[in-house]
1. How much net charge surrounds S257 when only other residues with a Cβ under 15 Å from its Cβ are counted (Lys, Arg +1; Asp, Glu -1)?
2. Can you tell me the dipole magnitude for the range 77-263 around its Cα centre, using point charges on the Cβ only (Lys, Arg +1; Asp, Glu -1), in Debye to the nearest 20?
3. Quick query: amide H of Q255 versus all other amide H atoms, modeled in the peptide plane; which residues come in under 5 Å with a sequence gap of 5 or more or a different chain?
4. Around I183, with a cut-off of 13 angstrom between Cβ atoms, what is the net charge of the other residues, counting Lys and Arg +1 and Asp and Glu -1?
5. List, in order, the whole-Hz ³J(HN,Hα) value for each residue of the range 214-231 obtained from phi through the Karplus relation with A = 6.51, B = -1.76, C = 1.60 and θ = phi - 60°; use x for Gly and Pro.
6. Using the Karplus equation 6.51 cos²θ - 1.76 cosθ + 1.60 (θ = phi - 60°), what ³J(HN,Hα) coupling, rounded to whole Hz, does each residue of the range 147-153 give in order, writing x for Gly and Pro?
Amino acid sequence: MRRLAPYQSGLWLAEYGDVRCQLCRIYRSTPQSRLPQNHSSASPPNDHSFFTKLRQRFDDRFHSGLLCIRCHHSIAWLPKSFDVDIAVGKTLSIQAATYYDYPIRQAIRAFKHHEDMTKLPLLLHVLRQLPRPHGCHYDNSVIVEMPTTEQRLVKRGFDPVSILAAQLSKHWHIPLWHGVERIDNTVSQQGLTRAERLGNLDNAFALIETPPVKRLLLFDDVATTGASLQALGRTLYDQSSSLAGVNSQNSNPYQLSAYALAHGSEL
């Protein structure tokens, strides 16, 4: 029997067993299928398979959902995407699922800094608001999560970005790719200006293998200025060209876009 990750049973209970809204804890939660859907579905387009229909019937009957309609509306405002430069004449588009504001900011901090897994169902509900990248599917795209180092992993005890990225991979049906490593010669980004963040991330990443597909979807939990995703995008753009034997930047064969759970100021 397949072993579940430590947080998986809690997620299952929250989605299928708890009838109260995970945010306000006052109103009854509403199944995801009954909430207004402004973005992509968890299933690939035109998926009418027997198992998909069976799962939808199961969800409609037993799935209590995570949020009530009121709270869903309060966090479902999709921020505008913004661009950052990664090369001459080349930008990286970053799209977040929501704003880094109350109450999501408190939930993210509790999850990241205090390993509060009770906040994870709420964060996943928000994450599922991200629009599926057009034309991306399991055999032409990969998700590249913001890498961490062994030292940071040991210090923190777990990797919050990895957990969120795994759930996004499951939601979009697009595999993860771990072909980038992080070099542990940087300090925490928190509290730094944008210029300091960019300088802090110089040479912070390195490719360890050639990307297996042409479409690379970068992911981080919080994009405040976008500096971390910008640095990761630069590494992928520059070093992937070298690994693929491409000499001209203009002929880089890879398409990059970036996504985050939340975007906004840390203050």
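1. With Lys, Arg at +1 and Asp, Glu at -1, the neighbours total +2.
2. Once rounded to the nearest 20, the dipole reads 420 debye.
3. R215, L216
4. The answer is -2.
5. Ordered by residue, 3J(HN,Hα) equals 8, 10, 10, 10, 7, 9, 9, 6, 10, 10, 7, 9, x, 5, 5, 5, 5, 5 Hz.
6. Once rounded to whole Hz, the list reads x, 10, 10, 4, 4, 5, 5.
Values in this text are rule-based calculations from the coordinates and carry no lab data. Here the structure is a predicted model, which means the values were calculated and not measured. Don't worry about glycine lacking a Cβ; one is built from the backbone with ideal geometry, like all the others, and counts go over all protein chains shown.
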